[in-house]
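Here the structure comes first, spelled out in structure tokens, and everything after it is commentary.
The numbers here are math on the coordinates, done by the rules we state, and not lab data. What you see is a predicted model, and the numbers here were worked out from it, not measured in a lab. When we count neighbours, we look across all protein chains shown, and the Cβ atoms used for this are built from the backbone with ideal geometry, even at glycine.
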Amino acid sequence: MQKPKEQRVEVLIDVQNLYYSARNLYGKKVNFGEVLKEGVAGRKFIRSFAYVVRTKTGEEKPFFDALTKLGIETRVRDLQEFYGGAKKADWDVGIVIDAIRTAASLDVIVLASGDGDFIPLVEYLKNQGKRVEILSFGKTTSLKLKEIADEFIDLDLDEKFLLKK
């Protein structure tokens, strides 16, 4: 389906959500360049954020640099480690804040995540007159999130979204 070229688009990428879906479903990594291209879909690209997690080792720096080269701004949060070995790095609130903060200057927000926690965000943005598209692996995407989005783009349907090993 052809999308209006004049639409102003922002792509918000929940890196952890896509990474773990691709790894668990296919044993592969995500091709974030193709994800961005699919999200923009020939429309007016305003900006893109990738929400990433930094570990103590810093081994992910080349990945962060690769995202930046693609034109994706990285939002970085340090991995929290708790007593007993539990680890956490949740970006949900940051993604919601960015979406709400930037929505006024956009026509379309593409959320690259299958996390059902974003259902209230999608409902809010749609009530503000924004088009919301979800771009994620269908097998691991919340059914309700798929239903309420203006469009759901299933990354399971095309291997171009996965990197060859």
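Would you kindly give the portion of the calculated P(r) for the chain that falls above 22 Å, as a percent of all Cα pairs?
Details: 5470 of 13530 pairs.
Cα-Cα pairs of the chain separated by over 22 Å account for 40 percent.
Between residue 54 and residue 73, how many nm apart are label points set 7 Å from Cα along the C-beta direction?
1.7
Tell me which GluC sites (Glu not before Pro) from segment 1-93 have a DSSP coil assignment and no more than 14 other beta carbons within 10 Å of their own.
On the way: sites: 6, 10, 34, 38, 59, 60, 73, 81; in loops: 6, 59, 60.
Within segment 1-93, the qualifying GluC sites (Glu not before Pro) (loop, at most 14 other Cβ atoms within 10 Å) are 6, 59.
What stretch of the chain, leaving out the sites themselves, is the longest with no chymotrypsin sites (Phe, Trp or Tyr not before Pro) in a DSSP loop having at most 10 other Cβ atoms within 10 Å?
Working: sites that count: 82, 83.
Longest site-free region, per DSSP loop and neighbour criteria: 84-165.
Can you give me the Cα centroid spacing of segment 118-163 and segment 30-101 in angstrom?
Value for the Cα centre distance between the two parts: 17 Å.
Taking the alpha-carbon distance from residue 37 and a cut-off under 17 Å, which lysines remain once sequence neighbours fewer than 8 residues away in the same chain are dropped?
Excluding near neighbours in sequence, the set is 3, 5, 29, 69, 160.
What is the sum of charges, Lys and Arg at +1 and Asp and Glu at -1, for the other residues whose Cβ falls under 15 Å from the Cβ of residue 104?
Details: positive: 8, 47, 101, 126, 130, 131; negative: 10, 98, 107.
The answer is +3.
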